[in-house]
Amino acid sequence: MSQGGEVRGVHTRQGNSEFVSWGTPNADYASEKKKSLRVRYVYAVIFLMTNLIAWFIRDYGKRIIPQLRYLKSCGAGGQDCFLTLGVLRVSLGCFIFFFLMFLSTSRTRKLHEPRNVWHSSWWSLKFIVFIVSVLVPFFFPPALIQLYGEVARVGAGIFLLLQLVSVIQFISWWNKYWMPDEKMKQICSLGLFTSTIFYIASFCGIGLMYFLYVPKLRCVLNIFFISWTLILLIVMMVVSLHSKVNRGLLSSGIMASYVVFLCWSAIRSEPATEKCCAQKQGSGTSDWITILSFLIAICAVVMATFSTGIDSQSFQFRKDEAKEEDDIPYKYGFFHIIFSLGAMYFAMLFISWNLNNSATKWSMDVGWTSTWVKIINEWLAASIYLWTLISPVVRQTKVRNHEEAVQANGSAIP
């Protein structure tokens, strides 16, 4: 017992076993939580730095880092350490670092555990681990890097799926926060105004895509992509307004805007040589619009990874567990495994999901493979959202039918 009545430690001995529990004052718990929350941004900066290193290796590695040409694992002229394989090597290094952090922090529960200190501090040691993790893959043979590329495709797909779940959960939270009286059919004016803005933006986006990406009627694929997106938008609106669902227009409006954005992003990923694509990137020039779009895309990858990583509550099967004062503020293991998958995801964006791709400078996620990945992602997002609307009605109907069947069987017994 220390002065002031604060309990600093408890030491008990029972038989040959010894249990030591060290406590910290309430102020220390608050301080540790703030520190733990702040370090999330440090990990995001590390992830951003890795993205920039991958881009640098891909576009300027041959000219700026000639030393790689002398590594045996980089092959003749260092070709196996630049372009696509260079991106995969950096991605593998990022994956190794965050996967090691996942293994060392996944079972952390309390703020006074040593693993919490490792997660929030020891940056000098972790910086060394990060540098070693990024450098080691450059000594791996190309065959192993190619194998990692195949695995990274799967990991990037899992990342996209988790990101969709996180986005839909966020939309549901937004809808409940701004429209709390849905059951009483009292619509919040702010929610109604916001949903109107989202729907106007969605329909304007559809019209703009028709104008920009369907210059000729023979652009059948673009017509199909945009028209199907319009159909999904209308279906989501109708289902959300159905009397049995009655979820209002806010959540469906936000989801409609997200689906339209995914469609636009997919069409933008079409090769610039296509006559139905409005991009003029075939010459490989790096004008300011291309550079700005590239930098925005990198920041979007970092933000998507960060937002999904801190949203562990959306993936908990039990959400009724009471939070104690010394509990960690978020799941460290989930946070780091999301960044590991994010490393695979940014690798796929830099190489356009094609292991034989040779991307032009300042480009990201361009090619037919990228286009179809985004289109499938759009359809999957709409399907998951529609299921979240319909599933409560389906479960309620099944329960009601089961109760009616039980009552009927009970009344039939003499």
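Over segment 62-155, all Cα pairs binned in 5 Å intervals from 0 give whole-percent P(r) values of 3, 13, 20, 18, 15, 12, 9, 6, 3, 1, 0, listed from short to long. With the highest mean first, a sort of the peptides 101-114, 340-353 on other beta-carbon atoms found within 10 angstrom per residue produces 340-353, 101-114. Residues whose amide H falls under 5 Å from that of residue 108, counting only those 5 or more places apart or on a different chain, are 333, with hydrogens built in the peptide plane. Its Cα centre serving as origin, segment 49-115 has a Cβ charge dipole (Lys and Arg +1, Asp and Glu -1) of approximately 160 debye.
The residues 386, 52, 161, 217, when put in order of fewest to most other Cβ atoms within 10 Å, stand as 217, 52, 161, 386.
Evaluated on segment 188-276, the Kirkwood hydrodynamic radius is 13.8 Å, with distances taken between all distinct Cα atoms. With neighbours defined as other Cβ atoms within 10 Å of a residue's Cβ, the residues 199, 210 order from fewest to most as 210, 199. Neighbour counts of C-beta atoms inside 10 Å place 193, 203 in the sequence 193, 203, starting with the fewest. In the structure shown, do any of 110/176; 35/331; 35/176 have a Cα-Cα gap over 20 Å, and if so which? Beyond 20 Å between Cα atoms: 110/176; 35/176.
Laboratory data are not the source of any read-out in this text; all were calculated from the coordinates shown. If you're wondering where the values come from, they're calculated on a predicted model, not measured in any experiment. Using ideal geometry, Cβ is built from the backbone for each residue, glycine included, and neighbour counts are taken over all protein chains shown.
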